[in-house]
Each structure stands twice: as structure tokens, then as C-alpha cells.
1. What's the total number of residues in the stretch B:61-72 that are within 12 Å of another protein chain (Cβ to nearest Cβ) and either open to solvent by less than 70 Å² (accessible area, probe 1.4 Å) or within 16 Å of ligand 1 (Cβ to nearest atom) (or both)?
2. Conditions: (1) without any contact (Cβ under 8 Å) to a residue 60 or more places away in the chain; (2) on the phi < 0 side of the Ramachandran plot. B:GLY69 meets all but one. Number of the miss?
3. Among the residues of the stretch A:231-250, are any touching a His at 6+ places or on another chain (Cβ under 6 Å), in contact (Cβ under 8 Å) with a residue 40 or more places away in the chain, surrounded by 18 or more Cβ atoms within 10 Å (Cβ to Cβ) and outside any strand (DSSP E or B)?
4. Could you tell me whether B:PRO53 is more than 14 Å from every other protein chain (Cβ to nearest Cβ), surrounded by 13 or more Cβ atoms within 10 Å (Cβ to Cβ) and without any contact (Cβ under 8 Å) to a residue 24 or more places away in the chain?
5. Within the stretch B:81-89, can one find any residue that is more than 14 Å from chain A (Cβ to nearest Cβ), in contact with a Cys (Cβ under 9 Å, 6 or more places away or on another chain) and modelled with pLDDT of 90 or more?
6. Being touching a Gly at 6+ places or on another chain (Cβ under 8 Å), surrounded by fewer than 24 Cβ atoms within 10 Å (Cβ to Cβ) and not aromatic (Phe, Trp, Tyr) narrows it down to one residue among A:VAL352, A:VAL370; which is it?
7. For the stretch A:330-349, name all the residues that are more than 11 Å from the chain's Cα centre (by Cα) and open to solvent by 10 Å² or more (accessible area, probe 1.4 Å).
8. I want to confirm something. Restricting to the stretch A:260-273 and keeping residues that are without any contact (Cβ under 8 Å) to a residue 40 or more places away in the chain and open to solvent by 20 Å² or more (accessible area, probe 1.4 Å), which single residue is farthest from A:LYS234 (Cα to Cα)?
Amino acid sequence: MRTLPDQEIVVVGGGLVGAAVAWGLARKGLAPLVLDGEDLSHRASRANFALVWVQGKGVGAPHYARWTIAAARRWPSFAADLLETSGIDVGLRQRGGFTFALAGSEMAMWTEEVGCVAEALGEDAPDHAVLDHAETARMVPAIGRDVVGAIYSPLDGDVNSLRLFRALHVGMLNLGAAYRPHSDVTEIVPKAGGFLLTGAWGEVLAGRVVLAAGNGNTRLAPMVGLSAPTLQSKGQILVTEKCAPFFPYTSTTLRQTDEGGVMIGDSQEADTSSIATDQDISSVLASRAVRTFPQLAAVNVLRSWSGFRVKTPDGLPIYECSSTHPGACLVMCHSGVTLAPNHAELVADAIVSRDTTLAGGLFPGGRFHVPQD
Amino acid sequence: MFRKIENPKDLVTIVVDGRELEVDATASVAAALLGAGMATVRRSVVTDQPRGPYCLMGICFECLVTIDGVQNRQACMVPVRDGMTISSQRGARTTQGGGR
Ligand SMILES: Cc1cc2nc3c(=O)[nH]c(=O)nc-3n(C[C@H](O)[C@H](O)[C@H](O)COP(=O)(O)OP(=O)(O)OC[C@H]3O[C@@H](n4cnc5c(N)ncnc54)[C@H](O)[C@@H]3O)c2cc1C
Ligand code: FES
């Protein structure tokens, strides 16, 4: 006897990506089972900065810029659907986002990035403005003298990320999905009629399987003829005590949450596998924040944390259905907050309708294959 | 709510929301406030519910008050001092002024 009854479709991984896909599958009438890891497994979904961010994304990859813009435009109706299915308001705010430059060289780099994307997209490019200090200060009077300028784009925003995570989980269960934690999948064996998924917890036969296990995909994907290479990328974030509202927009390095806390982030470290936070990095983050908003000097930092991103070698998502193992799909990405509406609607809908081309086939995992002699 | 189990040797005077209190010179601000019958020292930032000292050991951050103009100090971690001015808080701290 198998541990669990046979399933029509199983989603491996219950982070933002797996939960968004399962929410979408359930909304279209499937009853997916989500198998998830341990309480303390690394989850980018519990560590992120919560931006719905478009600005500067897709340099040299206009298809990624378009995919991201589509997600940002879907967010308002997606947030409403989440509220309806879960009763949880995820606190979406799309009032625009800034990238603050503290040096001329930064300003030049970011100006070039948004310029590149704008040029590649032409008519479809999202609005953006390149602002000097005075223009930035007119919109955000609290900025410090060290801010030489900023890029502003009105489409950017943020959510309350933990509430998003919760809303997806509550919503998918309300819609008929099932969730099973402590169910790390260690092996996927293709069988007649589907895939046998096994782990220390037992086994289950799934007609179809969606791999959405974040960095865990790297190990699982080859078992169904897919590949999911990742790079190590750690990010660190500081959070202050709750403050009266002073910054109604959002930015890449600093945002004030709907409840008043200020999140300061997020660093990029490529050469460590330790999850511990690093004091030196914290002080760089804090010093940049205080130069951007000098009044923060008086505010106490309450917490800091770090998390591993789910980052492919080119930073773009992988969406692919296996050609060698029909019924197996892979969904993974580096911006699971921003892209959640696309995963819940476009990707999930394609899986429901047994479309083997996900996201227009523009993000296959095979792009990383290097021909071997 | 609380009753002193011994008589303090030395007293100091603190001012709490404009009211002068004579309190044990060895007390923390939180103990002094609780001893004076003040169980609510602030309102929570998100839901505006009444809050007061809870863990008394610096962990829960429930006991936040403004001490000598500095907002969001943990009352349980600060010893009283003669002439200290304490005010209860409502709403989130401001980022302008009152800093350390
Ligand atoms: C510091 C930081 C800041 C970020 N900021 C932003 C941001 O501002 N905006 C944005 O859009 N994105 C941001 N991200 C990225 C975003 O958080 C991730 O893209 C997203 O959380 C990825 O979700 P996931 O479900 O793929 O992965 P995870 O959250 O890592 O979840 C993977 C899940 O799979 C489970 N799992 C793994 N292996 C197995 C297995 N073998 N069997 C069963 N289950 C398994 C794990 O237990 C886990 O629950 C940030 C990330 C970090 C780290
Ligand atoms: S009572 Fe808990 S921190 Fe002061």
C-alpha cells in the first residue's frame, strides 16, 4: 500500500512559486497535492524584499522585461482574487519605485540600464524618469544630500510578502488543493501512468508533476529529463522598528512596509553557503540607508535576516515541460513575488490545458546546456 | 495590580505623562510604572490595542515608552533616575527628532 492515494497532479515545493501554481491549478478545478519540505528548510519565500519590481529588468532580454511588465499589470486584479479566495489583503501598493544613486557612477549605470530596456521595448516600454537631486527631492523631500539622483518608474510597487505567502496557501486550500509538509521528495521515478515520488515520508503516484522546489529543483529536474542549474546568491535584509509613514513609494534598497517597519536591503553575496547574517554587510546596508534618508540615523534596527535566492545562471526564470517525460514541468524564478500573477494565471492555465509550451517557450532550461565534445 | 514586597531604601522622583511619582531608586522604568498601577504604557502601532510591560527582560518590546525625549525605549531595560521624564506612546515613532 502506498502512503497516499494516487494523485492526478502533484506540485513539489510549497514556496511562493509552488503555492502560486497550485492556487492557479485549483482555481481551474484541479485538486493538486503540494508536497513541501521541512519547517526550517531554506525558503526564499520567507526572506525576500517583497518588491513588485519592473524597473531595469530585462537588460539584453526583452522577453523577460515583457514577462515582468505583464505580471506587474496583472497584480491589481490578482490581489483582488487573492483577497476573495483567502480573505487576506496582501497590501499591494503600486505607487512607483525609485533607485537612489549615491554616486555619479551608479546614476550612469542605472540610467544606461533603463535606457537599454526602453530602447529594446519601444512602445511597450514602461514609463521611467531619470531625476537629478532636486527633482528627486521634490517627490521625496526626506532624501539626504548624498543622493545624486534617482530613476523613478510608476509601475513599481510592493506587497506584504508574508501575507502574500499566507494568502496563496489559504487560498489554494480553500480552492481544493491539498498541502503536505515534511514531505521532501528525494526520488522521482517515471512509471506507467505517471511518476512515483518518494521520500522518507513514503510515496505517492502522480499522473503529472510540477517541479517548483526552488533551489531543490536542481537535484530533481534531471530525474524527469529537465535541467535547473542555479548559482549561489545570498541576500541580507535589515528591519527597523515601526515608524510613522515617511516614504510613500518604494525603492530597491529601502521600503517602508504597510505597518511602518523599514526594510533595508538587500545585499548580493555569491561566495558563501552559510545562512548566517554578516555584520559587515549589515553596516554597509545601514550606512547606505542613512545616507539616503538621514532621519533614519535615530531609528533602531530590530532584526536582520538572510536568504538564498533561486537564481539561474542568467537570472531569468525557467519554465519548461519535459519532452522526454511528458507530464513533468519545471517552474522556477528569481522574482517570485513580482511574477506570482503570471505563475498563478498564465503558467497554471497552460498546465491545466496540457499545453506543453509554458510562457511562450521563451524560458527553457536547455539554454544553459554547453555542447560537450 | 502589583504590591511592593519590601519598602524601598531610597526614592527618586520621575515625571510620567506630567505626573510626579516617587519610586524605588533601584527600579527599572517598567517596574516603577507597574508599581504605580500603570499597566498600559502605549498603544500598539498596527491595531491601536493597549500594551504594557510583559517579559521584563528585553525580549518582547511591549514596554516601549519615550524617556527624556527618546522614543521607543524599552522601559524594562532602563533604570529610573531622579528627574527622568517618561511619556506613554500612541502610534508609531516619528523619524524626525527625538532620536539618539
Ligand atoms: C533576500 C531576497 C530578496 C528577494 N527580494 C525579492 C523581491 O523584492 N521581489 C521578488 O519578486 N522576489 C524577490 N526575491 C525572490 C523570491 O523570494 C523568490 O523568487 C521566490 O521566493 C522563490 O520561490 P520558490 O517557491 O521557488 O522557492 P522557495 O521559497 O525557496 O521554496 C522552495 C520550496 O520547495 C521546498 N522543497 C525544496 N526541495 C524539495 C523537495 N525535494 N521536495 C519537496 N519540497 C522541496 C522547500 O521546502 C520550499 O518550501 C528575493 C529573494 C531573496 C533571497
Ligand atoms: S517588557 Fe519585554 S522588552 Fe520590556
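1. So the answer is 5.
2. Answer for B:GLY69: the failing condition is (2).
3. No, every residue in the stretch A:231-250 fails to be touching a His at 6+ places or on another chain (Cβ under 6 Å), in contact (Cβ under 8 Å) with a residue 40 or more places away in the chain, surrounded by 18 or more Cβ atoms within 10 Å (Cβ to Cβ) and outside any strand (DSSP E or B).
4. yes
5. no
6. Testing whether each residue is touching a Gly at 6+ places or on another chain (Cβ under 8 Å), surrounded by fewer than 24 Cβ atoms within 10 Å (Cβ to Cβ) and not aromatic (Phe, Trp, Tyr) leaves just A:VAL352.
7. Result: A:GLU345, A:LEU346, A:ASP349.
8. The residue in question is A:ASP271.
The values are calculated or read from the model by the stated rules, or taken from the named source; none is laboratory data. In this text, all values refer to a predicted model and were calculated from it rather than measured experimentally. Every residue, glycine as well, gets a Cβ built from its backbone with ideal geometry; the counts of neighbours run over all protein chains shown. Note: accessible area is taken over every heavy atom of the protein model, side chains too, but ligands, DNA and RNA are not part of it. Shrake-Rupley method; radii C 1.70, N 1.55, O 1.52, S 1.80 Å.
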